[in-house]
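One structure is given below, encoded as structure tokens.
The values are calculated or read from the model by the stated rules, or taken from the named source; none is laboratory data. From a predicted model like this one, the values you see are computed outputs, not experimental measurements. Here the Cβ is made from the backbone with ideal geometry for all residues, glycine too, and neighbour counts use every protein chain on show.
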Amino acid sequence: MTASQGRGFTVFMTGLSGAGKSTLSERLRDLIESEYQRPVTLLDGDIVREMLSSGLTFSRADRELNLRRIGYVAGEVTRHGGVCICAAIAPFRSARAEARARISSFGAFYEIYVSTPLAVCETRDPKGLYRKARRGEIRGFTGIDDPFEAPEKPDLHIDTSKLAIADSIERILALPLRDALL
């Protein structure tokens with residue numbers, strides 16, 4: 001790791017579908033790459049499901065395995081001095097705690113709870129998943145008929161229905177991220 005590379009860390013955003021995790025993650029990635037000239041690995045839940053976990057179902061065991069895979073990749077990025085941003089629903093505390101433990105052994109781990117209310121998330125439903133879940137066409141949908149275990153002590157709470165994206169990014173950067181980026 002060179003002096004200009006900084007140390008590795010992971011920003012882990014969790015919350016319901018439609019909470020704003022992907023939007024925040026993409027904006028944060030763009031800012032880190034342009035302002036700090038640090039490459040960022042973005043592990044977005046939809047892309048991870050397609051590329052790394054396509055054979056998995058949405059059972060609890062498979063969701064935990066999906067998060068284990070995200071944690072493994074993020075841990076490797078962090079271990080090698082990289083910046084990793086994860087945007088995943090990650091509904092279970094135990095699986096998030098396991099990811100935190102793995103990643104924290106290599107560098108900093110910042111859990112961001114994108115706590116946008118369910119009613120707002122349902123209005124931001126471009127794929128129509130909430131509507132399908134409410135009609136019973138999708139079973140085991142997080143927030144509807146499957147639980148989301150909110151983080152008990154996240155590093156930061158962000159409700160994107162109350163806070164603009166730019167302000168949300170500033171709050172994320174107010175964590176010890178800037179020090180890690182230098």
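What to note about this one:
- Number of the condition not met by Y110 [criteria: (1) part of a loop (DSSP other than H, G, I, E, B); (2) surrounded by 13 or more Cβ atoms within 10 Å (Cβ to Cβ)]: (1)
- Scanning the range 110-158 for residues that are at pLDDT 95 or above, more than 27 Å from G75 (Cβ to Cβ) and small (G, A, S) yields a single hit, A119.
- For T116, the stated conditions hold: it is over 25 Å from L52 (Cα atoms), in contact (Cβ under 8 Å) with a residue 12 or more places away in the chain and crowded, with 19+ Cβ neighbours inside 10 Å.
- Inside the range 113-154, residues that are more than 30 Å from H80 (Cα to Cα), part of a loop (DSSP other than H, G, I, E, B) and touching an Asp or Glu at 6+ places or on another chain (Cβ under 8 Å) make up a count of 5.
- Among the residues of the range 136-174, the ones that are more than 25 Å from A61 (Cα to Cα) and of a type in the set (K, R) come to 2 in all.
- Contact annotation: residue pairs with Cβ atoms under 8 Å, 6 or more positions apart or on different chains, pairing a residue in the range 131-143 that is among the charged types (D, E, K, R) with a partner that is surrounded by 12 or more Cβ atoms within 10 Å (Cβ to Cβ) and assigned to a loop (DSSP other than H, G, I, E, B), are R131/D125; K132/I138; K132/F141; R134/I144; R139/D145.
- The range 159-178 - residue that is surrounded by 13 or more Cβ atoms within 10 Å (Cβ to Cβ) and part of a loop (DSSP other than H, G, I, E, B) and, of those, modelled with the lowest pLDDT: L175
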